[in-house]
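These notes concern the structure reproduced below.
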Amino acid sequence: MTKPTYDDLTGQPELLPGLVRARAKGKAPAKKAIEFADVDPVAQVLVDLPLAHLDRPFDYAVPSAMADAAVPGARVKVRFAGQDVDAFVVARVASSDHTGRLQPLRRVVSAEPVLAPAIAALSEQVARRYAGSRADVLRLAVPPRHATTEKESSESAPVRRPEGAAEAGLAWSADTHGAGFVEALADGRSPRAVWSAAPGTDWPTRLAHAAAATYASGRGSIICVPDGKDVARVDAALTAVLGTGHHVTLTADSGPAARYRDFLSVSRGVRRIVVGTRAAVFAPVHDLGLLVIWDDGDDLYAEPRAPYPHTREVLLMRAEAEGAAALVGGFARTVEAEYLLTTGWAAEILPTRQALRDGLTVAVTGATDRELERDPMARATRFPALAFDTIRSALADGPVLVQAPRAGYAASLACERCRTPARCSSCTGPLRQASSEQAVACAWCGTVHPDFACTTCGHRGLRAPVRGDARTAEELGRTFPRTVVRSSSGDRVLSRVDAKPAIVVATPGAEPVADGGYAAVILLDTWLVLARLDLRTAEEALRRWMNAAALAAPGGKVVAVGDPAEPTLQALVRWDPGGFARREMEERRSAHLPPASRMATITGSAGALDDALTLLSKPEGAELLGPIEVPAAPGHTAPESPEFRAVLRVPRIHGPALSDSLGELQRLRSARKLDAVRVHVDPPGL
DNA sequence: TTAACTGGAAAA
DNA sequence: TTTCCAGTTAAC
């Protein structure tokens, strides 16, 4: 039998319903008939368009010249409504359900199958859960192509040195059920656990051993960590445990060529252990056996681009879909992780009592709220005697970490006499001072205010009720003149300090690791962290404090400056992340807040939001809150057209129904060309 | 970007 | 009733 030609196919609607004749315009003669692939002449493709109602596969005819290159996962160009658009082939099939004529694929960009079937399936699940489009998810999951890099072939992995379960089990023996977890991994099973690590735990090494145990069973792993500093730590630990050549790091800031090269080494199956930041959860690891997320409470895991998926949620979906093991680890515990335990989805891994006893001692010192009420000046004592003495005596043994919750020098300023917050006279922004040498200026518009006068009482002096890390470092330098004071914050983050005595002032999340651990850890201004009015304030505060306290050496001292009666500080003293998460969850349950409920927001202009709410078919048991006007972001003057936001809330069991109706809303809205609204499922911090 | 569809008006 | 055309819509 001869190959079917274009003319043959037009006459065979059941095979390829009426293919469009590719005719040259005007006087040029009709093009020679195109031949189509004899095996699976139809390609199902996902087009890269922002229109929600076009978020489904479309069928195209595969010219025989592209028969071998247009593999599932390949990038192609297709003619879509008269325009050339990028698309991914998701499948090759024998025939199409489409009743109209099929257009031929325009071009195969590359035969490299960059969209693995598992990731195509995951992107569909993620898009559905977050009421977004697959095109948006794929943009997060598949890095941009780098042609030069693609042409170089990936070097193959070295022969692996399989690590026995015994070695990994030993590393994990300090925790109850820890050894059992890694033995199960080495055994080819897929356990799921929430791990609350003991202070001082060398967690990168633990995670490296878990990945090595999984590797020994012939499977790959993905380890997600919050930032590049943590990627580097786990990278070093993996190299120490497995040597080089087995794992790869995936971070956003490594440049397009390196990023694509590393991605290809994973998608080609050359490397099967991945450590990276939030996008790593989409890495197409072959034979995936284990997914790990460390410190899942870090807000860096909340993707800022639509449809705003959270790494932990994607990771849990993927573990379930691919039958892989899951490990949600951290010093602190999120309410969401606790929820996995209450539903029985995951088991708990905890430090043994012995490990906790050997850990550290936490003391809280400072004014109580009652004392502050009587004398607001009591807060001016940032370094109570206990904090002072602890720093002095610990400096004999090694470095001391001082956590200051705000970056900068004078993070906010107020009138020295009447305490009215100092505001900019032109834009009402807060005034700040960047260093002792620099002038007082507005944090929003930058206007310099050399001769400030209080608008309330006319006084000319300023005080700094909130001091940044730079001011703290300066003050400590004066107090301990012969001591090295180092600073780590913002874009000047230190990853490591040695064991020599020094004072290290750091903002939360920027704390360097100390060789052998810190002799003492001081947590300043705890009241400031708790002053935020946010759903996660207490959870976030405890997480920051535990992460800093965990850097202390075995038996190290931790001093928190704050109110000893504060329950969140008490949870730190008892080192009880589980109990704290259980209480938080109970409070959220009674307040109908996540995770017992599922919430979503719809944001847009007044008219767009109005249309959207009319179009929305609310799922069973849904509550609509608002809409209310969205306040302008700090530093920005009110926009010309103000935005409004409505909140939807359903009991958790109706979460999928909520996602589906929001997805349907976006498809209807997009099909009717109504003004766009942003939908955010599980909005962080309500 | 453009082919296919829609509905309304003109022709028969 | 048929044909033509302009504006709309869906998009393989």
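The values are calculated or read from the model by the stated rules, or taken from the named source; none is laboratory data. What you see is a predicted model; the values in this text were computed from it and never measured. Backbone-built Cβ (ideal geometry, glycine too); neighbour counts: all protein chains shown.
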(request) Any chance you could count how many residues in region A:566-581 are surrounded by fewer than 22 Cβ atoms within 10 Å (Cβ to Cβ) and touching a Lys or Arg at 6+ places or on another chain (Cβ under 9 Å)? (result) 2
(message) If a residue counts only when it is surrounded by 13 or more Cβ atoms within 10 Å (Cβ to Cβ) and either within 33 Å of the chain's Cα centre (by Cα) or modelled with pLDDT of 85 or more (or both), which helices (runs of 4 or more DSSP H) contained entirely in region A:338-402 have at least 1 such residues?
(response) A:353-357, A:385-394
(message) Condition first: over 24 Å from A:Trp527 (Cβ atoms), at pLDDT below 75 and surrounded by 14 or more Cβ atoms within 10 Å (Cβ to Cβ). Now tell me which residues in region A:441-467 satisfy that.
(response) A:Trp444
(message) Tell me the residue from A:Val275, A:Val281, A:Val266, A:Val314 that is in contact with a His (Cβ under 7 Å, 6 or more places away or on another chain), crowded, with 23+ Cβ neighbours inside 10 Å and modelled with pLDDT of 95 or more, please.
(response) A:Val275
(message) Please go through region A:579-597 and give me each residue that is touching a strand residue (DSSP E or B) at 6+ places or on another chain (Cβ under 8 Å) and at pLDDT 95 or above, ordered by number.
(response) none
(request) Can you give me the number of residues within region A:74-88 that are away from DNA strand C (no atom under 11 Å from the Cβ) and free of Cβ contacts under 8 Å to residues at least 60 places away in the same chain? (result) 6
(message) If I filter region A:61-82 down to residues being within 15 Å of DNA strand B (Cβ to nearest atom) and within 25 Å of A:Gly663 (Cβ to Cβ), which single residue comes out as farthest from the chain's Cα centre (by Cα)?
(response) A:Ala81
(message) Suppose we filter A:Pro50, A:Pro113, A:Pro41 for residues that are away from DNA strand B (no atom under 16 Å from the Cβ), over 28 Å from A:Gly269 (Cβ atoms) and in contact (Cβ under 8 Å) with a residue 12 or more places away in the chain; which single one remains?
(response) A:Pro41
(message) For A:Glu167, only one of the following conditions fails: (1) within 16 Å of DNA strand C (Cβ to nearest atom); (2) surrounded by fewer than 20 Cβ atoms within 10 Å (Cβ to Cβ); (3) of a type outside the set (S, T, N, Q). What is its number?
(response) (1)
(request) Being in a loop (DSSP other than H, G, I, E, B) and at pLDDT 95 or above narrows it down to one of A:Pro199, A:Pro226, so name that one. (result) A:Pro226
(request) Scan (1) under 28 Å from the mean Cα position of the chain (by Cα); (2) of a type outside the set (Lys, Arg); (3) closer than 20 Å to A:Arg318 by Cα for the single condition A:Ser217 breaks and write down its number. (result) (1)
(request) State whether one or more residues within region A:89-104 are among the charged types (D, E, K, R), more than 8 Å from DNA strand C (Cβ to nearest atom) and modelled with pLDDT under 90. (result) no
(request) Would you be able to tell me the number of residues in region A:516-567 that are under 29 Å from the mean Cα position of the chain (by Cα), part of a strand (DSSP E or B) and of a type in the set (A, V, I, L, M, F, W, C)? (result) 7
(request) Could you look through region A:658-683, keep only residues that are away from DNA strand B (no atom under 16 Å from the Cβ) and of a type in the set (Gly, Ala, Ser), and pick out the one that is surrounded by the fewest Cβ atoms within 10 Å (Cβ to Cβ)? (result) A:Ala676
